[in-house]
Each structure stands twice: as C-alpha cells, then as structure tokens.
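Before any comments, here is the structure.
The values are calculated or read from the model by the stated rules, or taken from the named source; none is laboratory data. None of these values were measured; they are calculated from a predicted model. Cβ placement follows ideal geometry from the backbone for every residue including glycine, while neighbour counts extend to all protein chains displayed. Ligands, DNA and RNA are excluded from the accessible area calculation, which covers all protein heavy atoms including side chains. Shrake-Rupley method; radii C 1.70, N 1.55, O 1.52, S 1.80 Å.
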2 protein chains.
Amino acid sequence: MEGRKQMHEETTDVEAVLREALGASGQRFTEQRAAVFRFLRSTESHPTADEVFLRVRTDVPGISLATVYKSLETLVGCGLAAKLTYVDGSARYDGRTDDHHHVRCLGCSRVMDLPHRVDDGEVARLQASADGFRVTGVRLELTGYCPSCDPEAAGAPA
Amino acid sequence: MEGRKQMHEETTDVEAVLREALGASGQRFTEQRAAVFRFLRSTESHPTADEVFLRVRTDVPGISLATVYKSLETLVGCGLAAKLTYVDGSARYDGRTDDHHHVRCLGCSRVMDLPHRVDDGEVARLQASADGFRVTGVRLELTGYCPSCDPEAAGAPA
DNA sequence: ATCCTTGCAAAGCATTTGCAGTCAC
DNA sequence: GTGACTGCAAATGCTTTGCAAGGAT
C-alpha cells in the first residue's frame with residue numbers, strides 16, 4: 001500500500017531536514033537528536049522534556065535526560081522546534097514552528113493546536129495603542145475545558 | 001491639592017479591598033500581605049517574586065522571600081492578582097485581574113499592558129475549530145521592540 | 001585526527017515546605 | 001486562647017554544566 005511507502009518517505013525527509021539544519025549551523029547529526037526530532041514531529045501533544053525523554057528512551061535506550069535537554073535546545077536553536085512555557089512553569093516543546101496558536105484544557109492540561117491564526121487586522125487594532133512599538137510576533141492561547149473534562153457538561157468529569 | 005487626598009483614599013481603599021477578600025476566604029490581614037498587594041497595585045511592571053521581595057523589603061524590613069511567595073500565592077487565590085509566565089520560564093505577577101493583554105519588548109524585556117482586548121468575534125472564529133471545547137479565557141501577548149530598543153530604527157539601540 | 005556530543009553526576013536556581021515562635025482575631 | 005502567618009533553613013524539582021569517553025565528519 002501507499003501508506004508504508006509514504007511513511008518511509010516522510011521519515012527520510014525528516015532526517016534530511018534535520019541534517020541540513022544541523023549542517024547549516026556547524027553541528028553534527030546524531031541518533032539522539034534524530035530520535036528527539038522524529039518524536040516531536042510525530043506528535044501534537046506538546047511534551048515536556050521529561051515526556052520526550054521517556055518516549056525517546058524506547059528508541060535510543062541509553063539516552064540521558066541531559067542529552068534530551070541539549071537536543072531540544074539544539075532543535076530550538078536551528079528553528080526546528082519551539083519552546084512553550086505555561087503558567088505552571090513547565091517548559092513544553094512543539095515540533096511545529098509555523099506561527100500557530102494553542103488551546104489548553106484546564107482539566108487534563110492537554111494542549112492542542114488551533115488551525116486558524118489571529119486576523120492581521122485584529123493584531124493591528126490591538127497594536128495601535130502600543131505606539132512606537134514594532135510588533136514581530138503574536139502568541140495566543142485559549143484556555144477552557146475539553147469535552148471530557150468539562151465540569152458543566154452532563155457526564156461525570158472524572 | 002486634590003492629589004494628596006485622593007492618594008490617601010486610594011491607599012485606604014486598597015487595604016479595604018484586601019481585608020474583604022482575605023476575610024471572605026477565612027484568611028488574615030497582615031502587614032506583609034498588605035505591602036505586597038500595595039506594591040502590585042502601584043506598578044505596571046509585572047515584577048517577579050524576587051523583584052517584589054526587593055521592593056517590599058523597604059516597607060517591611062524583616063520580610064522573607066518565602067513570605068513574599070506565600071503572599072503572592074494568597075493574592076492569586078483571592079483573585080487579587082494574576083500569575084503570568086514567560087517563555088524564559090520566570091513567573092511574574094500582575095496586580096490587574098481584569099482580562100487584558102500584554103506587549104513584551106524583546107530588547108529590554110519590559111512588559112506593558114494593552115488597552116484593547118481581542119474581539120469576541122475573533123475568539124469565536126479561532127475557537128470554532130476546537131470543537132466541543134468550552135473556552136473560558138484568552139491569553140494574548142504581542143512581542144516586538146519598543147522605540148528605544150528597535151534595532152531597525154534610526155537611533156543607536158543602546 | 002579533530003572537536004562536537006554523549007552520559008554521568010554534581011551544581012544551580014526558582015520555588016516550596018516543615019517547623020517553632022509570633023501575631024491577628 | 002486558638003489557629004493562622006511569619007521567618008528561617010532545608011528540601012524539592014526542573015534544568016544546566018563540567019568533564020572524560022565516544023562518535024561524526
């Protein structure tokens with residue numbers, strides 16, 4: 001089936017992307033970095049460093065937590081990942097680097113991606129009052145409750 | 001002048017607000033909590049716990065950092081302050097609890113308040129794709145450069 | 001062969017906690 | 001007087017760092 005072939009192509013592509021980005025900044029391709037990058041690209045769960053560690057350990061048994069931290073920082077430095085920080089203080093990593101927004105569930109702490117971006121006109125309106133300020137980025141996060149955590153919804157919310 | 005009288009009234013009012021909020025949740029009014037609250041209300045600088053500590057220490061010489069942390073948490077619990085977290089991982093506190101947004105300068109790290117809020121229609125549009133999710137809050141932060149830090153502006157950027 | 005990376009363990013830093021004395025009520 | 005609050009210091013948890021061995025180019 002096409003499925004397997006496509007999967008293989010994607011894997012290859014992911015490695016190529018990583019090799020290129022690392023090479024461009026004079027850094028080396030390693031199995032550890034590849035595993036971290038592959039996992040980040042494969043999930044939308046915006047994992048913490050520790051979650052990455054636990055998962056990647058199944059692919060690269062001997063990897064250490066320190067290496068995961070270093071790899072994540074390397075990826076962020078290459079522009080292949082983004083670092084998010086939440087109110088609880090935990091850092092999370094996102095394999096998507098395009099400008100997008102998030103919804104976070106106050107119940108289960110899950111973070112999901114939003115397909116739409118804030119309208120440029122809206123940004124311009126908000127920015128208008130910060131005079132002289134040159135805006136380069138917008139970060140937006142919706143908070144609330146996902147269907148299975150909603151305390152106001154009918155079902156028993158765990 | 002009116003200035004002095006108004007200032008005194010405000011101070012009194014701030015304490016009354018604090019007393020009421022604390023009483024409502026069975027907690028006690030203390031000089032330390034009052035000093036922390038007063039400082040938060042008086043500034044727009046969104047200070048870290050340590051900055052609060054350094055400043056409040058001039059009013060309450062013997063106060064400890066642990067007490068500042070506890071007081072800040074108490075205020076957040078009473079709804080008299082909000083806790084913010086930035087990408088660098090540092091927690092900051094905001095004496096304003098109404099729903100408002102921020103601009104952060106990538107040069108000097110200063111955080112300022114934005115007078116406008118994201119339009120409800122825009123939130124609805126963004127939310128539309130997160131189906132089943134009940135949105136309760138919106139957090140937005142603009143990032144960029146303030147006039148004195150803008151590297152693309154004419155003057156020497158420090 | 002060079003020097004970047006890894007894994008380990010120790011160090012760092014912000015925040016939290018335990019506890020005895022103190023204070024608000 | 002009672003129970004909450006403070007200050008101190010120790011503890012915690014996440015993240016970073018130093019270093020010798022190993023690996024990519």
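For this structure, a couple of remarks:
- Test for B:P47: is it within 10 Å of DNA strand D (Cβ to nearest atom) and either of a type outside the set (D, E, K, R) or in contact (Cβ under 8 Å) with a residue 12 or more places away in the chain (or both): no
- Of the strands (runs of 3 or more DSSP E) lying entirely inside region B:46-125, the ones with 2 or more residues being at the interface with chain A (Cβ under 9 Å from one of its Cβ atoms) are found at B:82-85, B:101-105, B:111-114.
- Some residue of region A:106-113 being touching a helix residue (DSSP H, G or I) at 6+ places or on another chain (Cβ under 6 Å), within 16 Å of DNA strand D (Cβ to nearest atom) and either farther than 19 Å from B:R117 by Cα or open to solvent by less than 30 Å² (accessible area, probe 1.4 Å) (or both): no
- Residue within region A:59-69 that is more than 13 Å from the chain's Cα centre (by Cα), open to solvent by less than 10 Å² (accessible area, probe 1.4 Å), more than 14 Å from DNA strand C (Cβ to nearest atom) and at negative phi present: no
- Hits in region B:86-136 - residues which are under 11 Å from the mean Cα position of the chain (by Cα) and within 14 Å of DNA strand C (Cβ to nearest atom): B:A91, B:R92, B:Y93, B:D94
- Among (1) more than 7 Å from chain B (Cβ to nearest Cβ); (2) exposed (fewer than 14 other Cβ atoms within 10 Å of the Cβ) - the single one A:S129 does not satisfy: (1)
The rows are residues; the columns are (1) open to solvent by less than 10 Å² (accessible area, probe 1.4 Å); (2) more than 28 Å from A:K83 (Cβ to Cβ); (3) out of contact with any helix residue (DSSP H, G or I) (no Cβ under 9 Å at 6 or more places or on another chain).
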| position | (1), (2), (3) |
| --- | --- |
| B:V56 | yes, yes, no |
| B:C78 | no, yes, no |
| B:D99 | no, no, yes |
| B:R117 | no, no, no |
| B:V123 | no, no, yes |
| B:G137 | no, no, yes |
| B:G144 | yes, no, no |
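- Here is the figure for region A:65-86: residues that are closer than 13 Å to A:Q27 by Cα and near DNA strand D (Cβ under 7 Å from one of its atoms) total 2.
- Exclusive hit being more than 9 Å from DNA strand C (Cβ to nearest atom) and not hydrophobic (A, V, I, L, M, F, W, C), set B:E51, B:E73: B:E51
- Scope region B:23-45; condition of a type in the set (S, T, N, Q), within 17 Å of B:K83 (Cα to Cα) and assigned to a helix (DSSP H, G or I); matching residues: B:S42
- Condition met for B:E20 (within 14 Å of chain A (Cβ to nearest Cβ) and either surrounded by fewer than 20 Cβ atoms within 10 Å (Cβ to Cβ) or more than 12 Å from DNA strand C (Cβ to nearest atom) (or both)): no
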